[in-house]
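This report refers to the structure that appears directly beneath it.
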Amino acid sequence: MPSVRLNQLFSRYPDNPILTPEDWPYTVNAVFNPGATIGPDGETVLLVRVEDRSGLSHFTVARSQDGFTRWRVDSRPTLERRTTRYEEACGIEDPRITKIGEDYLIAYTGLSLGGPLVCLASTGDFLAFQGRSIVSTPEDKDAALFPQTFDGRYAILHRPVSPYARGDAHIWISFSPDLRHWGDHQVLIESRRAGQWDREKVGVGPPPLRAEEGWLVLFHGVKATAAGALYRAGIALLDLEDPATVLARSDEWVFGPEAIYERTGDVPGVVFPTGWIADGEGGVRMYYGAADTCVAVASARIDDLVGFVYSHSI
């Protein structure tokens, strides 16, 4: 496949950021890391992580006809932590939305008193939500479901970390017949310890996106520097029939903090994609948190992403 220049892959929306704390109808500290989907009425729906001034996070829905402008933000938190549940005692974070059938399934991080873990909830309308299950015990986070089953089994990407791992944090894949019982766990994408941009840890971004050539996986990688941790995004391609098989993985990052709103904020130097939406015409809109402070969007062509991962594969 032809090589694709890095700066041609993602184009930032010129009026970024699209959502900031000032857009919220109630007092908050930061808004970032949104799950993204097309809602039942055809609008773009973002389920935004909102950190209030207590330091804890909840989710609030923002809606837009075109996915860029005129966002309508719910007047109060849409989905709050369940204060009586151990697994959400310290907040809920970083939702990823996958539509399967008529259900919107939401994988998110619950912050328990014992550390982060992966929870599942569902909704049909983004008004009422149902808690589904706990996928894993601490420490685990950065989870996203595939939008279909494989031989009758659901599949999820996530990042479990052992307290004895000494910093290694990899993306795993696991399978379930019912969204409650998970097994067949396998390491899928490893962090690299030889000085690369993704040497400290990796974690899945938005849910996998189906392309003709395979499942596109956008993932973040972290590199510790003297000025702090840098969060950038790379691409992998998985087999359509066997998502536990990695066909290609980019050796270079494809999206990193460059704009002022990505380099300044509560956590400078962070781009953190958590949602993307295909436009039906070969393009995709990627929604991401910038500097753990605001929400931004960038656009790319799916063919370019596939071409890049093949031409820049490890």
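The values are calculated or read from the model by the stated rules, or taken from the named source; none is laboratory data. Bear in mind the structure is a predicted one, so any value in this text is a computation, not a measurement. Neighbour counts are summed over all protein chains in view; Cβ atoms, including those assigned to glycine, are modelled from backbone coordinates with ideal geometry.
Structure data summary
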| read-out | value |
| --- | --- |
| Residue match in segment 213-226 (condition: of a type in the set (Asp, Glu), at pLDDT 95 or above and either within 25 Å of residue 12 (Cα to Cα) or surrounded by fewer than 18 Cβ atoms within 10 Å (Cβ to Cβ) (or both)) | no |
| Unique residue being touching a strand residue (DSSP E or B) at 6+ places or on another chain (Cβ under 8 Å) and surrounded by fewer than 22 Cβ atoms within 10 Å (Cβ to Cβ) when the list is 16, 33 | 16 |
| Meets criteria (over 18 Å from the mean Cα position of the chain (by Cα) and over 30 Å from residue 279 (Cβ atoms)) for residue 169 | no |
| Search result, residues across segment 57-75 that are on the phi < 0 side of the Ramachandran plot and either more than 19 Å from the chain's Cα centre (by Cα) or of a type in the set (Asp, Glu) (or both) | 64, 65, 66, 69, 71, 72, 73, 74, 75 |
| Answer from 216, 230 - the residue that is in contact with a Leu (Cβ under 7 Å, 6 or more places away or on another chain), aliphatic (A, V, I, L, M) and over 20 Å from residue 153 (Cβ atoms) | 216 |
| Checking residue 293 against (1) in contact with a Pro (Cβ under 7 Å, 6 or more places away or on another chain); (2) over 23 Å from residue 158 (Cβ atoms); (3) in contact (Cβ under 8 Å) with a residue 40 or more places away in the chain, the condition it does not meet | (1) |
| Qualifying positions in segment 265-314 - surrounded by fewer than 16 Cβ atoms within 10 Å (Cβ to Cβ), among the acidic types (Asp, Glu) and either in contact with a Lys or Arg (Cβ under 7 Å, 6 or more places away or on another chain) or over 22 Å from residue 62 (Cα atoms) (or both) | 279, 281 |
| Qualifying strands (runs of 3 or more DSSP E) (wholly inside segment 1-74; at least 1 residues being free of Cβ contacts under 8 Å to residues at least 40 places away in the same chain) | 44-51, 57-64 |
| Flag if residue 152 is on the phi > 0 side of the Ramachandran plot, touching a Leu at 6+ places or on another chain (Cβ under 7 Å) and of a type outside the set (Asp, Glu) | no |
| Lone unmet requirement of (1) surrounded by fewer than 18 Cβ atoms within 10 Å (Cβ to Cβ); (2) under 27 Å from residue 60 (Cα atoms); (3) in contact with a Ser or Thr (Cβ under 8 Å, 6 or more places away or on another chain) for residue 207 | (1) |
| Members of segment 83-125 that are outside any strand (DSSP E or B) and touching a residue at least 12 places away in the same chain (Cβ under 8 Å) | 85, 86, 87, 88, 89, 90, 91, 102, 113, 114, 124, 125 |
| Selected residue [outside any strand (DSSP E or B) and hydrophobic (A, V, I, L, M, F, W, C)] from 197, 215, 172 | 197 |
| Unmet requirement for residue 262, which otherwise passes all of (1) out of contact with any Ser or Thr (no Cβ under 9 Å at 6 or more places or on another chain); (2) buried (at least 20 other Cβ atoms within 10 Å of the Cβ); (3) part of a strand (DSSP E or B) | (3) |
| Residue tally, condition part of a loop (DSSP other than H, G, I, E, B) and either modelled with pLDDT under 95 or not charged (D, E, K, R) (or both), over segment 129-155 | 10 |
| Subset tally (residues that are under 19 Å from residue 61 (Cα atoms) and either more than 16 Å from the chain's Cα centre (by Cα) or surrounded by fewer than 24 Cβ atoms within 10 Å (Cβ to Cβ) (or both)) for segment 120-149 | 12 |
